[in-house]
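Below is one structure, written out as structure tokens; comments come after it.
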Amino acid sequence: MMLTRRSSLASALGGFAAATLPAGAFAQGNYPDKPIRMIIAFAAGGPTDIVGRMLAPRLSELLGQQIVVENKPGATGNIGTAMVADAKPDGYTILFSASTMAMAPALYGKQVGYDPVNGFEGIAYVASVPLIVVVPADGAKSIGELAEMLRKEKGKYSYPSSGNGGMIHLAGYLFVEKVGGEALHVPYRGSAPGMVDLIAGRHAFQMDTLGTSKGFIEGGKVRVLAVAADKRLPQLPDVPTVQEALGFPFSINTWYAAYAPKGTPRPIVDKLNAAFNKVLKEPEVKKWAEDRAIELIQDSTPASAKKFYDDQMAFWDPIIKQSGAKPE
């Protein structure tokens, strides 16, 4: 069959366009066409892991590909975070992170292992969670008694955390400082192992989230003494805020967000953002979060997720330096 001049020209131009398009242009349109790795830079069973694993199957359903959760704990989350920063920016490796991500730059300095300012694309700011003060079942009976213990017998007691310079560490550090006491900080590879030792009575208290502690509280293994928030939580109506009980402001929230390696194509980032935002509107997810005092962030954008992270780095930098926290 003879080709017309017009069809020959169209065919030639089509071939030229295909040859000059970026290598990933066609792949972006089909994204995702294989499973996506979601790196969680903390141990299984901790707050970040619990929230990430709740979201993963719902994201999988929306995206049509499995979200495979991989825990990469260590160095206060720095190991898993650096892994994502170094990953290929194709949307198949993403980071589900917590507030500690904003603390690593001040903690590690030039040894952080990646560019904390320019190393990531924001995907979504997911949630904010107030911290609570928990103690062993046979520990202090009130937040006032705990404060008195830390003041009167300085250095005798300890508190665990998910790692040096992380949110759980710094919240514990600030609490001890505010009450005028002294206590030994004991870092773990994630908050869940620290909780095991708290339950065993090896520590005086731990800063945690209700989501992580809920089962232990209901099982009578730990007790909640106070909430590190501006007002009482509806889920714990009989538990006072630290300010109510001790007289000084003490409101500290941890947070969760999703990020991709720098250079991930915007259409892919936008698709991931839309999936996160849709999942966060699902009634079952809302109920799950409400039961655990987790405030879901609605309709965040990639830009707002990145700005929030940048602002948090600026906020925590002087506090970390004051605390004297050092890398593990």
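We did not get these values from a lab; they are worked out from the coordinates using the rules stated. Computed from a prediction, not measured in an experiment: that's the story for all the values here. Every residue, glycine as well, gets a Cβ built from its backbone with ideal geometry; the counts of neighbours run over all protein chains shown.
Structure remark: mean-square fluctuation, Gaussian network model of the chain, C-alpha springs under 10 Å; the largest value among Ala229, Ala102, Ala303 belongs to Ala303.
For the chain, the Kirkwood estimate of hydrodynamic radius, built from reciprocal distances between every pair of different alpha carbons, is 21.1 Å.
In the elastic network of the chain, a GNM with C-alpha springs shorter than 10 Å, the most mobile of Ser251, Ser191, Ser162 is Ser251.
Hey, with R₀ at 22 Å, roughly what FRET efficiency would Gln235 and Glu284 work out to, going by the Cβ-Cβ distance, to 0.05? Result of the calculation: an efficiency of 0.80.
Inter-label distance, Val68 to Lys326: 3.8 nm, where each label sits 7 Å from its Cα along the C-beta direction.
Tell me which residues come under 5 Å, amide H to amide H, from Thr254 once H is placed; ignore anything under 5 positions away on its chain. Result for Thr254 returns Val129, Leu131.
Which of the helices in the chain, when you take each full DSSP H run, stretch at least 15 Å along the axis at their Cα atoms and have an average Kyte-Doolittle score of 0.5 or higher? Long hydrophobic helices here: 167-178. Ranked by the mean number of other Cβ atoms within 10 Å of their residues, highest first, the peptides 233-243, 69-79 come out as 69-79, 233-243. Each of His169, His203 was scored by other Cβ atoms within 10 Å of its Cβ. Arranged with the fewest first, they read His203, His169. Spin-label model, Asp311/Lys88: points 7 Å from Cα along the beta carbon direction are separated by 3.6 nm. Potential lengthening of the chain between Val196 and Ser251 amounts to 17.3 nm, from the contour at 0.36 nm per residue minus the alpha-carbon distance. Amide H contacts of Val186 (H built 1.01 Å from N, in plane; Pro and chain starts excluded): Tyr159, Ser161 sit under 5 Å, all sequence-distant by 5 or more or on other chains. About its Cα centre, the dipole of the chain is roughly 600 debye, where the only charges are +1 on Lys and Arg Cβ and -1 on Asp and Glu Cβ. By definition, a body whose alpha carbon gyration tensor gives a ≥ b ≥ c is rounded when a/c is under 1.5, and the range 130-253 falls into this rounded group. Note on Lys156 and Asp299: with the Förster distance fixed at 45 Å, the Cβ-Cβ geometry gives a FRET efficiency of about 0.40. Springs between alpha-carbon atoms under 10 Å, Gaussian network over the chain: tell me which of Asn118, Asn253, Asn273 tops the mean-square fluctuations. Its mean-square fluctuation being the largest, the pick is Asn118.
Ordering Phe120, Phe308 by the number of other Cβ atoms within 10 Å of each residue's own Cβ, fewest first, gives Phe308, Phe120. From helices alone, the chain scores -13000 deg cm²/dmol at 222 nm; the rule is -39500 (n - 2.57) for each run of n ≥ 4 DSSP H residues, then divide by the residue total.
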